[in-house]
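S.K.: Mind looking over this structure? Questions follow.
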There are 2 protein chains.
Amino acid sequence: MTSRDGYCWTPKEGLKAGLPSVGVISPSSNISSVDTVYDVVVIGAGYSGLTAARNMAVGGLKVLLLEGRDRIGGRSWSSNIDGYPFEMGGTWVHWGQANTWHEVLRYQMEQDLNRSLEFLRGVDHFELRSTHESITMTHKEEDELVASALEKFTNIDGVYGRKAIPLPYSTFKNPESILLDWKSAQDRINEIATTLTPQERTVLEASILLASGGTLETSSFHEFMHWWAMCGYTYAGWMERLITWKFRDGQSTFVRRFFEEALATKRLSYAFNTPVKHIHNTKSSVQVTTRKGQTYRAHRAISTIPLNVLGSITFDPPLSAGKQAAIAIGHVNQTVKVHAEIANPELRSWTGVTYPHNKLNCAVGDGTTPAGNTHIVCFGGQHNHMDPEADIDATSRAVSSLFDPKQYGAKEAKIERIVFHNWSKDEFAKGAWFFSPPGLVAKHLGDMRERHGNVLFANADWALGWRGFIDGAIEEGTRVGQEVRRELLTESASRPTL
Amino acid sequence: MTSRDGYCWTPKEGLKAGLPSVGVISPSSNISSVDTVYDVVVIGAGYSGLTAARNMAVGGLKVLLLEGRDRIGGRSWSSNIDGYPFEMGGTWVHWGQANTWHEVLRYQMEQDLNRSLEFLRGVDHFELRSTHESITMTHKEEDELVASALEKFTNIDGVYGRKAIPLPYSTFKNPESILLDWKSAQDRINEIATTLTPQERTVLEASILLASGGTLETSSFHEFMHWWAMCGYTYAGWMERLITWKFRDGQSTFVRRFFEEALATKRLSYAFNTPVKHIHNTKSSVQVTTRKGQTYRAHRAISTIPLNVLGSITFDPPLSAGKQAAIAIGHVNQTVKVHAEIANPELRSWTGVTYPHNKLNCAVGDGTTPAGNTHIVCFGGQHNHMDPEADIDATSRAVSSLFDPKQYGAKEAKIERIVFHNWSKDEFAKGAWFFSPPGLVAKHLGDMRERHGNVLFANADWALGWRGFIDGAIEEGTRVGQEVRRELLTESASRPTL
């Protein structure tokens, strides 16, 4: 099946919209009656929505799932092209991510992982290209350089954040965290600027932007520290948890398991291509109206709409002032993730940073395609932002610029394919994974998590742990699904039997 | 409520059997009819059994839970004495433990944690007492010493095990792991003996025995490496995951949440003080007979009986040859965990190793009691094994011997209370947490996990990840509960409606 989402470019066929994915669901709806009153309507079929929908359906509730797209997965999905899975959004998983791994074990997929970085064959080097130099180093040198830079950045307490963020799941119980959250990454760089070598500064800034997809000024320092704490306060943990293991057959094979299990309960109704427009919360129920004008009724609704999109839905009564303030601020991640298939198998062990002048700042060899080409995955963001489909030649040049022309002629780094999803132009995402500007989380985490009458809100954007990650989405879907299930069971127990 | 389990000694009252615990369940049974045919009978109310029972009850199945003890929790339970929770078995948790943390979030207990080691006040030192010296060092020196020793021990591939065990959840897919599992800890020490300083060797051996509760010869080297891999291949990760965070109000407050949620479904029947004697597996169902002679029938049974106890139950037909072989080998952990309350608040920041001559090898300051005393937790094991209740004076001397008499007179380390559970003499445990002798896991992991007709087996002893941990128990309960739920739903869907 082909999704409307994403783009693929090849020299032969040029740029085409739409990509194949096992995440596309057919038939697109199984709703048999519009008059049904559901226990709960879940808006959004990403990991949050599917986790909540599945858990509630397994737990005996009658669930309606509405999704604007033609596919499941939200901001994480894969497209298998010529036998190779390209990850369009959230990709990496690790057994240190509690909620994700709990699901990996549930579906016995603990062996279905592939390594991203692998330095067994090929050029085996790191290319660092700034405005004033272009140098090549070993991966050992790269690790030492990046580790040193990140350690200087994170060592705010002599123990690399262990004192400042001892319990990352409840960090904002600590007043110090609130202060850290009002700092930007740039503020922190200013504090340590004199201790950084020029190369450290380049890789540090590129690493921060790779995490945040914003700019140094718009990225919260605490949010970065929180990632660091979740990774175990070390560079080795950072690499292992953030960019080492991905699903052999792609994210969409994982998320399908959630959907299929929910469907097997026979208590899941669903409709894709069905964006929601309006949510009306009454004392005892919720009415959800789609753009097409259909209204569905349920005892509860779970919105898994991302923060940056929530403002496009109208609520009656209106959302709380706190939630509206959070929506008005929004998150800052406008990551541009571009896959390039390059006719050079030697690049499998290549990594590079080209910053700050290029539109793609970082890239790594991420796999070898069945055709024997190297798949490299490249990242840009709000800094030097581009829409890859708007000027595919410029996108192509940004990929090529990652390679030093003295080392690689056009032939050695020939681009055979470019694949991407423009998350910034995606009306159901309006950005990539959540990354907060200074103060947003410290001030509004509670607001973002708060329910609105019979409407509950689940999204990785306001998870406690792996906020912005697949794991955070599952955390949130679990939390809110459990809350709704408990409430409705209690209510149904107290209803008189007729 | 008071459990039959455990012992408490005070100077005033002497040794008494039985300890208070919120894990004791009253009434001890809610079974109303002995003729009911259950969907599933779960044997054992530890974390494996409760996770399976709860998930299946939530998922709509009719569950009977049978437990030999008077309390929930199995090898993890806490006793609150004079306002302070003593942890009798499994204690520490971390957000890097996927299954445990998933449950911590489910019950919103992510803030309900206390630190074990805390070096903010008091003597702030580490005491290393071997047969030939007794020295005191700072905790920084302790960390450097233990880290150096563990790094030498684990660095079998130049990257501290990362190459040897890249994916710990499926390690035995790697032939190298099988070879490592046939090595003992002693074999590995012999390989690196010339590189170790005498102090490194002492803390290394004590650290291994603290993990395994066996002897150096009976402890699998791979099992230790597997723990190390699960901890992120670093000493910092080792300490953070294994001995840093515990529940503020004790383990039993956590495990109660599982039981209470299961009970709230109204689909859970249970009986405590009801050891199982015989399991009869027929083609379509299971009959479970208790020691009291009562037989219960169900479509499936889940045994959560530990490996070392499984041989005390008879099965008809008999268990497979592989499972019987694993049972005959058994695991080797005979940890002796002794809590001592000492009338010296300065010991809060004290840690010590007294090895190899003492009956308690390691101890750490673990908390401050409401009376202002320091709670230290002490560990012995198969090496120099003792039954603490058999000679309480000897136990008391083993505690006192942890302290250098030149530094601490009888007054400075006066013992006000001793609390413990003798896991070796416990008929439902026959040892502490699982730790494997060489070869057991490599050869029999599959056998231990295998079902026996309609009987399935869930226990931390054969978990894939945190084997021997609370997390492994929850992993197993989740796995087997899910398997039974799926099967019974499929069967019930294919049964003709009458």
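Only the coordinates and a few stated rules stand behind these numbers; no lab work does. Note that the coordinates shown come from a computational prediction; the quantities given were computed from them, not determined experimentally. Here the Cβ is made from the backbone with ideal geometry for all residues, glycine too, and neighbour counts use every protein chain on show.
S.K.: Suppose you put the label 7 Å out from Cα in the Cβ direction; list, shortest first and in nm with one decimal, how far residue B:32 is from each other copy's label.
M.R.: 3.3
S.K.: Taking a point 7 angstrom from the Cα of residue A:346 along the C-beta vector, which residues in segment A:362-399 have backbone N less than 15 Å away?
M.R.: A:373-374
S.K.: What full-extension length gain, to one decimal in nm, is calculated for residue B:414 and residue B:138 as 0.36 nm per residue of separation minus the Cα-Cα distance?
M.R.: Stretched out fully, the residue B:414 to residue B:138 stretch lengthens by 97.0 nm.
S.K.: With r defined as the distance between the Cβ atoms of residue A:425 and residue B:450 and R0 fixed at 60 Å, what FRET efficiency is calculated, to the nearest 0.05?
M.R.: Between residue A:425 and residue B:450 the formula returns 0.70.
S.K.: Highest mean first, how do A:77-85, A:361-369 rank when packing is the count of other Cβ atoms within 10 Å averaged over residues? Show your work: numbers first, answer last.
M.R.: Details: A:77-85: 20.1, A:361-369: 22.7.
Ranking the peptides A:77-85, A:361-369 by packing returns A:361-369, A:77-85.
S.K.: I would also like to ask the following. Using Cα-Cα distances under 8 Å and only pairs 6 or more residues apart, what relative contact order does segment B:85-145 have, in percent?
M.R.: The value is 16 percent.
S.K.: Is there a simple number for the mean count of other chain Cβ atoms within 10 Å of the Cβ of residues in A:93-101, and what is it?
M.R.: Values: counts 0, 3, 11, 11, 4, 13, 4, 2, 9.
Per residue, the average neighbour count from other chains is 6.
S.K.: Please identify the helices of chain B, taking whole runs of DSSP H, that span at least 15 Å along their own axis as judged from the Cα atoms and have a mean Kyte-Doolittle score of -1.0 or higher.
M.R.: On the way: long enough: B:47-58 (16 Å, 0.34); B:139-154 (22 Å, -0.74); B:198-212 (21 Å, 0.32); B:251-264 (20 Å, -0.07); B:470-494 (36 Å, -0.54).
Both cut-offs are met by B:47-58, B:139-154, B:198-212, B:251-264, B:470-494.
S.K.: With each run of n ≥ 4 DSSP H residues scored as -39500 (n - 2.57), what mean residue ellipticity at 222 nm is computed for chain B after dividing by its residue count and rounding to the nearest 500 deg cm²/dmol?
M.R.: Calculated from helices alone, the mean residue ellipticity at 222 nm is -9500 deg cm²/dmol.
S.K.: With N set to the residue count of the protein assembly as shown, report its C-alpha Rg divided by 2.2 N^0.38 Å to two decimal places.
M.R.: On the way: Rg = 28.9 Å, N = 996, 2.2 N^0.38 = 30.3 Å.
With N residues counted in the protein assembly as shown, Rg over 2.2 N^0.38 Å equals 0.95.
S.K.: Residue A:249 to residue A:36: extension gain in nm, 0.36 nm per residue of separation minus the Cα-Cα distance? Mind dumping the intermediate values first?
M.R.: Numbers: separation 213, 0.36 × 213 = 76.68 nm, distance 3.72 nm.
Here the answer is 73.0 nm.
S.K.: Give me the aspartates and glutamates in straight-line cross-link reach of residue A:246: C-alpha distance below 13 Å, same-chain residues under 8 apart excluded.
M.R.: Straight-line reach from residue A:246, under 13 Å: A:87, A:110, A:112, A:118, A:366.
S.K.: At residue A:124 and residue B:324, where each label point lies 7 Å from the Cα along Cα→Cβ, what is the point-to-point distance in nanometres?
M.R.: Spacing of the two 7 Å Cα→Cβ label points: 5.3 nm.
S.K.: How many percent of DSSP beta bridges within segment A:278-434 run antiparallel, rounded to 5?
M.R.: Working: 29 of 32 bridges.
Restricted to segment A:278-434, the bridges split so that about 90 percent are antiparallel.
S.K.: State the volume of the convex hull built on the alpha-carbon positions of chain A, expressed per residue in Å³ and rounded to an integer.
M.R.: 139 Å³
S.K.: Also, I was wondering about something else. Can you give the log10 of the normalised intensity I(q)/I(0) at q = 0.16, 0.17 Å⁻¹, computed with Debye over equal Cα scatterers of segment A:279-420?
M.R.: Each listed q maps to, in turn, -0.82, -0.87.
S.K.: Can you run phi through the Karplus equation (6.51, -1.76, 1.60; θ = phi - 60°) for segment B:348-363 and list ³J(HN,Hα) in whole Hz, with x for Gly and Pro?
M.R.: Residue by residue, segment B:348-363 yields 3, 9, 9, 9, x, 10, 10, 7, x, 8, 8, 7, 10, 8, 9, 7 Hz.
S.K.: Would you kindly give the portion of the calculated P(r) for segment A:111-176 that falls above 14 Å, as a percent of all Cα pairs?
M.R.: 74 percent
S.K.: Given chain A, what percent of its DSSP beta bridges are antiparallel, to the nearest 5? If you can, show how the numbers build up before the last one.
M.R.: Working: 56 of 81 bridges.
Here the share of antiparallel DSSP bridges comes out near 70 percent.
S.K.: Taking the label point as lying 7 angstrom from Cα along the Cα-to-Cβ axis, what are the distances from residue B:393 to the corresponding position in the remaining copies, in ascending order and in nanometres?
M.R.: Going from nearest to farthest copy, the values are 9.6 nm.
S.K.: How high is the relative contact order of segment A:395-462, in percent, with contacts defined as C-alpha pairs under 8 Å that are six or more residues apart?
M.R.: The normalised contact order for segment A:395-462 reaches 19 percent.
S.K.: Quick one: label points 7 angstrom along Cα→Cβ at residue B:357, distances to the other copies in nm, smallest first?
M.R.: Counterpart label points of residue B:357 in the remaining copies fall at 7.1 nm.
S.K.: Relative contact order for chain B: what percent, with Cα pairs under 8 Å and sequence separation of 6 or more?
M.R.: 25 percent
S.K.: Work out the mean other chain Cβ neighbour count within 10 Å for the residues of A:102-114 and drop it here as an integer. Provide the component values of the computation, followed by the final result.
M.R.: Numbers: counts 10, 2, 2, 13, 3, 1, 4, 1, 7, 5, 1, 4, 0.
Going residue by residue through A:102-114 and averaging, the value is 4.
S.K.: On a 29 Å Cα-Cα criterion, which of the cross-link pairs B:359/B:411; B:173/B:283; B:16/B:414; B:292/B:323; B:277/B:425; A:183/B:140 come out too long?
M.R.: From B:359/B:411; B:173/B:283; B:16/B:414; B:292/B:323; B:277/B:425; A:183/B:140, over 29 Å: B:173/B:283; A:183/B:140.
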